[in-house]
Every structure is written in C-alpha cells, then in structure tokens.
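Everything on this sheet refers to the single structure shown next.
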Amino acid sequence: MAYTLFYFPGNANLAPHMALEELGVPYELALLDRAGGEHKSAAYLARNPTGRIPTLLAPQPNGGDQTVFETAAILLYLADNHPDSGLAPAPGSADRGQFLTWLIHLTNTIQPEYRVFYYPEQHVTDPSHAADAKATAERRLGEMFVLVDRELATRPYIAGEHVTVADFLLLMLVRWGRSFARPPRDLPHVGRLCAELLARPAVRRAFAQEKLAAPFI
Ligand SMILES: N[C@@H](CCC(=O)N[C@@H](CS)C(=O)NCC(=O)O)C(=O)O
C-alpha cells in the first residue's frame, strides 16, 4: 500500500515529494508527460479536475485510494496522517496557529503570484502586456519574500522551533525565484533556512529523484 505522487520535475510536486521522503513512507512517483498534455487528459482530469500538477493518490484501508490535490492540501494531509513525524504541529498545540497561518500564506499569496510570473500571458488581455505582468509579479514576489525573511529573523523555521511541511513549501517557492534579479535565496534568513533544508538527506533525495541540477535555489 503506497502513495502515488503524479509529478513533473521541479513542479509544485517538489514540496510533497520532500515530505514523502522525510516521512519515509512507501510511495511511487508517476511522471506526467507535460509536453504531451497528459495533465489535461481525461484520465488525469478525472482525478484532478483543475488539470494542474501535482496529485496524490492515498491508499485506503478498503483497498481503494483517495485523491488529494492542491499542494498545501497534500502537505497537510500527509503531515496529519503521520502525526508522529512532527511535520505539522498537532491541532491544539502552541505552534498550530502559526503553522496554518504560514502554510496558507505561502500557498494562497506567494504561490499564485508565481502563476503570473510563469504564465503572464494568462493574466493579460493584450499579449504585449505580458512582459510587464511578469516584471510586476517579480517585484511583488520580492516584497513578499522580504516579509517572510523578517519573520524568519525571529525563529528557526517558518512555524516555530521545528521543521514542518510549510518549510518544504517555502523552499520550493524560493527555488522558483532563482532567476530573479534579486533571488529570494539572497535574503539572510530565507537563505539560512534553505541552506539547512537542502542539507537534509530527504530533501536531497527528492531533488535527485526529480533529476534537478544545481543551482537548486
Ligand atoms: N494551486 C495548485 C497550483 C498547481 C500549479 O500551478 N501547477 C503547475 C505546475 S508547478 C501546473 O500544473 N501548470 C500547468 C498548467 O497550469 O496547465 C497547487 O498548489 O497544486
């Protein structure tokens, strides 16, 4: 009984992939043919009607599986299903509110801005405005990461004293900004945390399995 993670190298699957490796649970990777549009195929849409990557299939006791999509939902699902891992503070614990706050901030504020950066043509009516939309997204993302950096000046991890799945989401989002004129990795506290995360064997395995080459962030 293993999880299945539908993925494409470096896509939003990377954070759940790190979490699966960190958990040490059985799982399989299912590579999507993105160039061939497999994430828009009827079979994939039946699982994930958004046609976006990633999707997780979670084995159930009755022999079937449950489908979970949305990166942050997958992260929370995995952490909550394996509470002994400590990858999410337990409901009712001191750090739970901070954990939820930053998990949701990262997925709800920073991650969608990357859709403008990477798919600017989807966010304008006049195609000649796409470059401006992309540049604006880069500027806004820069401001967002400065805010995260200020938070990280006060604690080692985004949710407190312990690593959580929210940190894996942050690392993935930092990676996506590696081409910026001012990449988020250069912020002192963001850079410090990402360097520590990248040294974790589980994180290194996830990057290696997706065949991601340096520079990682
Ligand atoms: N909110 C979604 C966004 C996922 C997303 O944007 N995935 C990108 C790859 S990183 C994708 O599927 N792009 C192809 C497309 O939108 O058609 C999530 O967090 O899972």
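Just one of the listed residues (Arg205, Arg182) is surrounded by fewer than 21 Cβ atoms within 10 Å (Cβ to Cβ), out of contact with any strand residue (DSSP E or B) (no Cβ under 8 Å at 6 or more places or on another chain) and either in the same structural domain as Pro9 (by TED's automatic domain parsing) or in a helix (DSSP H, G or I) (or both), and it is Arg205.
Number of residues in the stretch 1-39 that are under 20 Å from Tyr114 (Cα atoms) and of a type in the set (D, E, K, R): the value is 1. Looking at the stretch 1-16, which of its residues are more than 12 Å from the ligand (Cβ to nearest atom) and either within 18 Å of the chain's Cα centre (by Cα) or within 14 Å of Thr71 (Cα to Cα) (or both)? Tyr3, Thr4 - these are the residues of the stretch 1-16 that are more than 12 Å from the ligand (Cβ to nearest atom) and either within 18 Å of the chain's Cα centre (by Cα) or within 14 Å of Thr71 (Cα to Cα) (or both).
Every listed requirement among (1) more than 22 Å from the chain's Cα centre (by Cα); (2) more than 27 Å from Asn13 (Cβ to Cβ); (3) not aromatic (Phe, Trp, Tyr) is met by Ala133 save one, (2).
Being closer than 19 Å to His105 by Cα and within 14 Å of the ligand (Cβ to nearest atom), is that true of even one residue in the stretch 18-34? Checking the stretch 18-34: at least one residue is closer than 19 Å to His105 by Cα and within 14 Å of the ligand (Cβ to nearest atom).
Here is a check on your reading of the model: is Arg52 within 15 Å of the ligand (Cβ to nearest atom) and out of contact with any Asp or Glu (no Cβ under 9 Å at 6 or more places or on another chain)?
So Arg52 does not fit the description; no.
Within the stretch 121-166, the set of residues being within 16 Å of the ligand (Cβ to nearest atom) and in contact (Cβ under 8 Å) with a residue 40 or more places away in the chain comprises Leu141, Val165, Ala166.
Evaluate the stretch 78-89: report whether one residue or more is farther than 24 Å from Glu151 by Cα, surrounded by 19 or more Cβ atoms within 10 Å (Cβ to Cβ) and either aliphatic (A, V, I, L, M) or touching a strand residue (DSSP E or B) at 6+ places or on another chain (Cβ under 8 Å) (or both). Yes.
Residue-by-condition table, conditions (1) of a type outside the set (Ser, Thr, Tyr); (2) more than 16 Å from the chain's Cα centre (by Cα):
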{"site": "Pro127", "(1), (2)": "yes, yes"}
{"site": "Thr154", "(1), (2)": "no, yes"}
{"site": "Val190", "(1), (2)": "yes, no"}
{"site": "Ala195", "(1), (2)": "yes, yes"}
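If you go through the stretch 1-44 and keep only what is touching a Gly at 6+ places or on another chain (Cβ under 6 Å) and without any contact (Cβ under 8 Å) to a residue 12 or more places away in the chain, you end up with just Lys40. Just for the stretch 52-72: of the residues that are of a type in the set (Gly, Ala, Ser) and surrounded by 14 or more Cβ atoms within 10 Å (Cβ to Cβ), which one is nearest to Pro9 (Cα to Cα)? Per the criteria, the residue is Ala72. Residues satisfying the criterion are present in the stretch 111-120 (criterion: surrounded by fewer than 13 Cβ atoms within 10 Å (Cβ to Cβ), under 21 Å from Ala181 (Cα atoms), within 16 Å of the ligand (Cβ to nearest atom) and touching a residue at least 40 places away in the same chain (Cβ under 8 Å)).
The values are calculated or read from the model by the stated rules, or taken from the named source; none is laboratory data. Keep in mind the model is a prediction, meaning the values are calculated, not measured. Using ideal geometry, Cβ is built from the backbone for each residue, glycine included, and neighbour counts are taken over all protein chains shown.
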